[in-house]
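Right, one structure below, let's go through it.
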Amino acid sequence: MTNEERRAEDLRIRKDFPLIDGHPEIAYLDNSATTQKPESVLRAMQHYYLEENANPLRGLYELSVKATEAYEDAREAVRAFIGAGSIQEIVFTRNASESLNLLAYSAGDAFLNEGDEILITIMEHHSNLIPWQQAAARRGAVLKFLEPDEEGYISEENFRGMLSPKTKLVSMTHISNVLGVKNDVKTFARIAHENGSLFILDGAQSVPHIPVDVTELDVDFLAFSGHKMLAPMGIGVLYGKKELLEKMPPFLFGGEMIEYVSREKATWAELPHKFEAGTVNVGGAVGLHAAIEYYKQLGWDKILEREEHLSRLAMEKLSAIPHLRILGPKDGTAHHGIFTFTIEGVHPHDIAAILDSHKVNIRAGHHCAQPLMQFMKTPSTTRASFAFYNTEDELDRLVESIGGVRREMGYQE
């Protein structure tokens, strides 16, 4: 693709996103935290609230039926998007954090006993660490940590070495929100199953950026958030194999998740409603459905090509900046658009503040991964993260702004 063709494509795609199209002065590079929303998503949600809004599932009147259809259509769209076998395997939650908490409580109660082991990695987001930390304490289990090499990779040998007959659950990020490295989930899930262990996948950073097929990967559970993949905040997904979900107790109790209630006892609704207590977020589900349609329309080939191109260029240009250190793989495309770095002599918060003064939006801190920061002996870092709608011009603005950080801090270069 020529530079002129790429710029024309940039313009076409960015016009779909009202915030960044309407504010060209902003270079939004915090996509690992949340993505911008295309107009089609905003319009779909507006249509729902203007034309179909009602409490779904129980109402027999036309508006309620339409709301129910919109909600269940979204569930089917998610099922197809991740390759699940049944809509009964798709549970809507608020976000990946809630999905993982649901698992830590319900799967923990169903499958963990005293002395059992839970295996996670040191690179987990707190959302895939603290729930298991608490589950281990609650159930008398042991939490064990896999550690990567200096680039962030976990070897098959290392993974096998950490498993034992006591390992009942493995929970692992697909793509690290700090290092950008992708774990070999298909291999690890197969080895875990050979060991008799369940495999849980945190897909918060992978589902928005690469095709994820739960049947091909053969994971037992998958958690991800809508807001990181063009959809609104407040809608998330938990996928689980039907036979496992059926064995798990509900996480929350109340309306919609029951079949029968008496003074003394209650029975639960069928999957997936057993895990969806209370009035559900239909508007969020509609937005997620529209986001999936946008992904399908643009196509994975184009999304992957654009993000890999930006990742390759980002590694090349950022690596050339003096006093800058990039964490993670040496191969730019292995970062999956996530570049976490430090600048010698400058606190990450100062870097973020200086870039903000140039209208370049990035993130600074521990990125909800403090054990990884401790492991890497780096208290905090700065992170720029790209999506397919970002451009080379925005990358150049990032590089130019970073290049002047030490000078603005008073260093004599």
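A few comments on the model shown:
- Filter result for Asp356 (touching a helix residue (DSSP H, G or I) at 6+ places or on another chain (Cβ under 8 Å) and without any contact (Cβ under 8 Å) to a residue 60 or more places away in the chain): no
- You will find that of Leu63, Leu29, the residue that is of a type in the set (A, V, I, L, M, F, W, C) and over 24 Å from Ala204 (Cβ atoms) is Leu63 and no other.
- Complete set of residues in the range 146-163 that are out of contact with any strand residue (DSSP E or B) (no Cβ under 6 Å at 6 or more places or on another chain) and either among the β-branched types (Val, Ile, Thr) or surrounded by 15 or more Cβ atoms within 10 Å (Cβ to Cβ) (or both): Pro148, Gly152, Tyr153, Phe159, Leu163
- The selection criterion, being among the charged types (D, E, K, R) and free of Cβ contacts under 8 Å to residues at least 40 places away in the same chain, holds for Lys66.
- Scope the range 1-32; condition among the hydroxyl-bearing types (Ser, Thr, Tyr) and closer than 24 Å to Met229 by Cβ; matching residues: Tyr28, Ser32
- Residue match in the range 202-212 (condition: farther than 21 Å from His335 by Cα and either touching a Ser or Thr at 6+ places or on another chain (Cβ under 8 Å) or not aromatic (Phe, Trp, Tyr) (or both)): no
- Considered as a group, the residues in the range 1-29 that are buried (at least 17 other Cβ atoms within 10 Å of the Cβ) and among the acidic types (Asp, Glu) include one that is farthest from Pro208 (Cα to Cα), and that residue is Asp10.
- Single unsatisfied condition, Gln205 versus (1) surrounded by fewer than 24 Cβ atoms within 10 Å (Cβ to Cβ); (2) touching a residue at least 40 places away in the same chain (Cβ under 8 Å); (3) polar (S, T, N, Q); (4) touching a Phe, Trp or Tyr at 6+ places or on another chain (Cβ under 9 Å): (1)
- Among the residues of the range 109-136, those identified as free of Cβ contacts under 8 Å to residues at least 60 places away in the same chain and not hydrophobic (A, V, I, L, M, F, W, C) are Asn113, Glu114, Gly115, Asp116, Glu117, Pro131, Gln133, Gln134.
- Filtering the range 192-216 to residues that are assigned to a helix (DSSP H, G or I) and either within 20 Å of Phe111 (Cβ to Cβ) or in contact with a Leu (Cβ under 7 Å, 6 or more places away or on another chain) (or both) leaves Ala192, His193, Glu194, Val214.
- One residue alone among Glu98, Glu39 is crowded, with 19+ Cβ neighbours inside 10 Å, of a type in the set (Asp, Glu) and within 26 Å of the chain's Cα centre (by Cα), and that residue is Glu98.
- Here is the figure for the range 146-177: residues that are closer than 17 Å to Leu100 by Cβ and outside any strand (DSSP E or B) total 3.
- Positions within the range 209-234 being over 14 Å from Lys186 (Cα atoms) and among the hydroxyl-bearing types (Ser, Thr, Tyr), in sequence order: Ser225
- Residue match in the range 329-350 (condition: on the phi > 0 side of the Ramachandran plot, in contact with a Gly (Cβ under 9 Å, 6 or more places away or on another chain) and not aromatic (Phe, Trp, Tyr)): yes
- Qualifying residues in the range 359-377 (those that are within 21 Å of Ser401 (Cβ to Cβ) and in a loop (DSSP other than H, G, I, E, B)) - the one farthest from the chain's Cα centre (by Cα): Lys359
- Test: residue in the range 311-318 that is surrounded by 17 or more Cβ atoms within 10 Å (Cβ to Cβ), at pLDDT 95 or above, basic (Lys, Arg) and within 24 Å of the chain's Cα centre (by Cα): no
- Any chance Ala189 is in a helix (DSSP H, G or I) and under 30 Å from Ser311 (Cα atoms): yes
- Among residues of the range 295-318 that are in contact (Cβ under 8 Å) with a residue 24 or more places away in the chain and outside any helix (DSSP H, G or I), none has a Cβ under 7 angstrom from a residue that is exposed (fewer than 13 other Cβ atoms within 10 Å of the Cβ) and acidic (Asp, Glu) at a sequence gap of 6+ or on a separate chain.
The values are calculated or read from the model by the stated rules, or taken from the named source; none is laboratory data. Remember, it's a predicted structure, so these values are computed and weren't measured experimentally. Positions of Cβ are backbone-derived with ideal geometry, glycine not excepted, and every protein chain shown enters the neighbour counts.
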